[in-house]
Amino acid sequence: MASETKYRVIGTRPVRPDGVDKVTGRAIYGADVVLPRMAHGKILRSPHAHARILRLDTSRAEQTARSPGRDDGAGFCRMSMRSWRLARAAT
Amino acid sequence: MTGKVAVSATINTEPTDWLCEPRETLLEALRDRLGLTGSKEGCGNGNCGACAVLLDGRLVNSCCVLAVEAQGAEITTVEGVGTRDGLSPIQQCFLEEAALQCGFCTPGFIVATKALLDKNPNPTDDEIRWWLAGNLCRCTGYDKIVRAVQNAAAKQRGE
């Protein structure tokens, strides 16, 4: 003869609120975002599993194709979309 | 470097044409040229099925199809499942059975399920699992997905 506790959410089977977008392909994930003049990043990984980075030489990346990238000092080279397509094709 | 090629195809019942380089994959054309970002790149090598689309009714991994191969073809992507007015039974059942979490694999599963049910409206669990073996899911696991497919099949049979 315990009193019945009614929950608003527990024990229900709600349809998740982001579900419709996901099953229709409308949901926007990071890789789906396209913004005007956005920069593209390309990750270069070290071939050595355990090593210390002594120096980063970004000169070849900066020379890529028509719009040269610029090293912003953190080891990232900002490239145009065209350069990115070429870099992507090259790997 | 080769110039771009013009490709025309019917995508989700709409005649579509675009320019692309011969080396581009259908997935790249769909996502980057046509803005149809529903199909996802999960692996880039035909493994995970997140890029699955129907090409002339055939289930393919679009990351392994060259865009130029789509010339003259009929393509269905996840954006072509369901209508402007509502969700298809497959989509509805995926929602009701919680057959998705992050949702990244979901477009591929939806397209693959459509391919299955178009061919076999009354599949067994084993047939479902076999057919969907090319679609990987890391979040949900497969039980709920199989259940969703069974429910969708029943719905489409009018049960």
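The values are calculated or read from the model by the stated rules, or taken from the named source; none is laboratory data. Being a predicted model, the structure only gives us computed values, none of them experimental. Cβ atoms come from the backbone with ideal geometry, glycine included; neighbour counts cover every protein chain shown.
May I ask you to say which residue of A:A61, A:A89, A:A51 is more than 16 Å from the chain's Cα centre (by Cα) and at pLDDT below 65? Steps first, please.
Working: A:A61 fails: at pLDDT below 65; A:A51 fails: at pLDDT below 65.
Checking each option against the conditions leaves just A:A89.
When B:L59 is evaluated against the numbered criteria (1) at pLDDT below 95; (2) under 15 Å from the mean Cα position of the chain (by Cα), which criterion, by number, is the only one it fails?
It fails just one condition, (1).
Identify all residues within region B:104-121 that are within 8 Å of chain A (Cβ to nearest Cβ), more than 12 Å from B:V146 (Cα to Cα) and surrounded by 22 or more Cβ atoms within 10 Å (Cβ to Cβ); write none if there are none.
Let us first name the residues in region B:104-121 that are within 8 Å of chain A (Cβ to nearest Cβ), namely B:104, B:106-107, B:110.
Among the residues that remain, those that are also more than 12 Å from B:V146 (Cα to Cα) are: B:104, B:106-107.
Those that are within 8 Å of chain A (Cβ to nearest Cβ), more than 12 Å from B:V146 (Cα to Cα) and surrounded by 22 or more Cβ atoms within 10 Å (Cβ to Cβ): B:T106, B:P107.
With the requirement that a residue be within 14 Å of chain A (Cβ to nearest Cβ) and free of Cβ contacts under 8 Å to residues at least 12 places away in the same chain, what does region B:15-56 give you?
Answer for region B:15-56, where residues must be within 14 Å of chain A (Cβ to nearest Cβ) and free of Cβ contacts under 8 Å to residues at least 12 places away in the same chain: B:R31, B:D32, B:G35, B:T37.
Just one of B:I145, B:I110, B:I90 is over 13 Å from the mean Cα position of the chain (by Cα), at pLDDT 95 or above and of a type in the set (A, V, I, L, M, F, W, C); which is it?
Details: B:I110 fails: over 13 Å from the mean Cα position of the chain (by Cα); B:I90 fails: over 13 Å from the mean Cα position of the chain (by Cα).
One residue alone meets the criteria, B:I145.
Any idea which of (1) aromatic (F, W, Y); (2) at pLDDT 90 or above; (3) touching a strand residue (DSSP E or B) at 6+ places or on another chain (Cβ under 9 Å) is the one A:Y29 doesn't satisfy?
Here A:Y29 meets the rest and fails (3).
In the set B:V78, B:V68, which member is surrounded by fewer than 22 Cβ atoms within 10 Å (Cβ to Cβ), at pLDDT 95 or above and touching a strand residue (DSSP E or B) at 6+ places or on another chain (Cβ under 9 Å)? Outline the logic, then answer.
Numbers: B:V78 fails: surrounded by fewer than 22 Cβ atoms within 10 Å (Cβ to Cβ).
Exactly one of B:V78, B:V68 is surrounded by fewer than 22 Cβ atoms within 10 Å (Cβ to Cβ), at pLDDT 95 or above and touching a strand residue (DSSP E or B) at 6+ places or on another chain (Cβ under 9 Å), namely B:V68.
Within 14 Å of another protein chain (Cβ to nearest Cβ) and at negative phi: is that true of B:E127 in this structure?
Numbers: within 14 Å of another protein chain (Cβ to nearest Cβ): no; at negative phi: yes.
So B:E127 fails the test.
Return the only residue of B:L54, B:L27, B:L66, B:L36 being in contact with a Leu (Cβ under 6 Å, 6 or more places away or on another chain) and more than 30 Å from A:T12 (Cβ to Cβ). So that I can check it myself, show each step before the final result.
Numbers: B:L54 fails: in contact with a Leu (Cβ under 6 Å, 6 or more places away or on another chain); B:L27 fails: in contact with a Leu (Cβ under 6 Å, 6 or more places away or on another chain); B:L66 fails: in contact with a Leu (Cβ under 6 Å, 6 or more places away or on another chain).
When all the criteria are applied, what remains is B:L36.
For residues that are in contact with a Ser or Thr (Cβ under 7 Å, 6 or more places away or on another chain) and of a type in the set (A, V, I, L, M), scanning just region B:12-49, find the one that is surrounded by the most Cβ atoms within 10 Å (Cβ to Cβ).
B:L26
List pairs: first in region A:29-41 and assigned to a helix (DSSP H, G or I), second hydroxyl-bearing (S, T, Y), Cβ under 6 Å, 6+ apart or cross-chain?
From residues that are assigned to a helix (DSSP H, G or I), the pairs are A:D32/B:T37.
I need the full set of residues from region B:57-95 which are away from every other protein chain (no Cβ under 13 Å) and among the charged types (D, E, K, R), in order please.
Of everything in region B:57-95, those that are away from every other protein chain (no Cβ under 13 Å) and among the charged types (D, E, K, R) turn out to be B:R58, B:E69, B:E74.
Quick check on A:P17: is it assigned to a loop (DSSP other than H, G, I, E, B) and at pLDDT below 90?
no
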